[in-house]
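Let me begin by presenting the structure, written as structure tokens, before commenting on it.
The values are calculated or read from the model by the stated rules, or taken from the named source; none is laboratory data. None of the values given here were measured: they were computed from a predicted structure. Cβ coordinates were reconstructed from backbone atoms using ideal geometry, including for glycine residues, and neighbour counts include every protein chain displayed. We work out accessible area using only protein heavy atoms, side chains counted, and drop any ligands, DNA or RNA first. Shrake-Rupley method; radii C 1.70, N 1.55, O 1.52, S 1.80 Å.
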Amino acid sequence: MQQVEVDQCAQPLIDAIVAALRTVFDPEIPVNVYDLGLIYRIEPRPDVVEIDITLTAPGCPVAGEMLSWVQTAVRDVEGVGNVTVRLVFDPPWDKSRMSEDVQLELGLV
């Protein structure tokens, strides 16, 4: 699994954000968006947390809803005010971004 870009000074907040992201599941694959490797960047700033997310496929029918689910989950983390979620497709998602546990769970290894 590739690592998400993080600022080491903000690690406790990022850990809480990751825990919140693990409550958001892709409806087509019963795995949370973080362990599925859909989160590309988490950047806490003084006034906003910025998150870059991708989709397993560009034509995902719940793309808009998924962004909202991520925003809501992260906004509920203590110490987070505003949340900006940006949909990105570069680099394209592939199964190598999943955690090893998820790959095993889905029978991909």
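Compute the accessible area per residue over the chain, keeping the other protein chains in place, probe 1.4 Å, unit Å².
In whole numbers, the chain has 55 Å² accessible per residue.
How high is the FRET efficiency between Ser99 and Asp76 when r is their beta carbon distance and R₀ equals 22 Å, given to the nearest 0.05?
Here the calculated transfer efficiency is 0.40.
Note the full-extension length gain between Val62 and Thr23 as 0.36 nm times their separation in residues minus their Cα-Cα distance, in nm to one decimal.
Using 0.36 nm per residue and subtracting the Cα-Cα distance, I get 12.4 nm.
Mind grabbing the accessible area of Glu50 for me, 1.4 Å probe, Å², rounded to tens?
40
Just the Cα atoms of the chain, one point each, no solvent: what log10 I(q)/I(0) does Debye give at q = 0.12, 0.14, 0.20 Å⁻¹?
Values returned for q = 0.12, 0.14, 0.20 Å⁻¹ are -0.37, -0.51, -1.04.
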